[in-house]
Amino acid sequence: MVLKLFFIIVIAHIIFFISKALYLYVRNIKLVKGIPNNVQAVSFHTYKPKNSIIPKRGQMIAHYAYQIAETINVPIILSVGNTVPNEPRMESEIYRDYIFNNHGTDIPIITRSGSKATDTNREVRESFTRCQELNIKSFGVIGLIPHLVLRIIPYWQKINVHQNVIIYFDGIIGPPQYIFWEFVMMILENYIPPNSKQRKFILNLVNRRG
């Protein structure tokens, strides 16, 4: 009886979170309309390097974001702090150097010195703070789908609730093997809050940043 009840609860939770993911996807994909020419800066959400090497999906979004920034001639803001063991550079600096090495230094890349951001939630908060410091009123946010629609957009909507900054979203579809990971992260955030020690421990085990 207890085992049966357990399975019912588990199945109910799975159905709930699948429904939630579908709802967020349908609602937020409508907001992914591209970055207009009038934004003052753009940012893209990075993915944790392994041994200081940027993963394939990180390279994908870095190149895509650079093309947008170059087209409209605006700086790129990167906000993630130290995430790679034994690497003195912040994650944002690793991505900055990667872009400079592959595309040159014509487009400025602004990193936030001393950033404590190590997950998507704090990455958004750091980027928002940077917008306020630089008096940016129109900003482009770029990410991989489904990461963008399931977690990035909701975080931006939460912190920018008073619409102090006009946010535009753009994205590309990431490698299919990470779709399941984004679903897991969405579930995880309902039980283990961002910035918690428990969450950091779990993510370190699987070499993910969250």
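Each value in this text was obtained by applying a stated rule to the coordinates, not by laboratory testing. Since the structure is predicted, the reported quantities are computational estimates derived from the model, not experimental observations. Cβ: placed from backbone, ideal geometry, glycine included. Neighbour counts: every protein chain shown.
Starting from the Cα-Cα distance between Asn164 and Ile15, subtract it from 0.36 nm times their residue separation and give me the gain in nm to one decimal. Before the final figure, lay out each step's value.
Working: separation 149, 0.36 × 149 = 53.64 nm, distance 3.58 nm.
Result: 50.1 nm gained on full extension.
Full-extension gain between Gln67 and Asn37, please, as 0.36 nm times their residue separation minus the C-alpha to C-alpha distance.
Details: separation 30, 0.36 × 30 = 10.80 nm, distance 1.28 nm.
Computed gain between Gln67 and Asn37 is 9.5 nm.
Of the listed peptides 151-161, 102-112, 179-189, what is their order by residue-averaged count of other C-beta atoms within 10 Å, with the highest listed first?
151-161, 179-189, 102-112
Cα atoms only: what Rg and Dmax, in Å, come out for the chain?
Computed over the Cα atoms of the chain, radius of gyration and Dmax are 17.6, 66 Å.
Going by alpha carbons, how many degrees (0 to 90, nearest 10) lie between the helix axis of 91-103 and the longest principal axis of the chain?
With rounding to tens, the tilt is 50 degrees.
At R0 = 35 Å, how high is the FRET efficiency between Gln157 and Lys56 if r is their beta carbon distance? Nearest 0.05 is fine.
0.75
Work from the charge dipole of the chain (Cβ charges, +1 for Lys and Arg, -1 for Asp and Glu, about the Cα centre) and give the residue of Ile14, Asn135, Leu3 farthest towards its positive end.
About the Cα centre, the residue reaching furthest to the positive side is Leu3.
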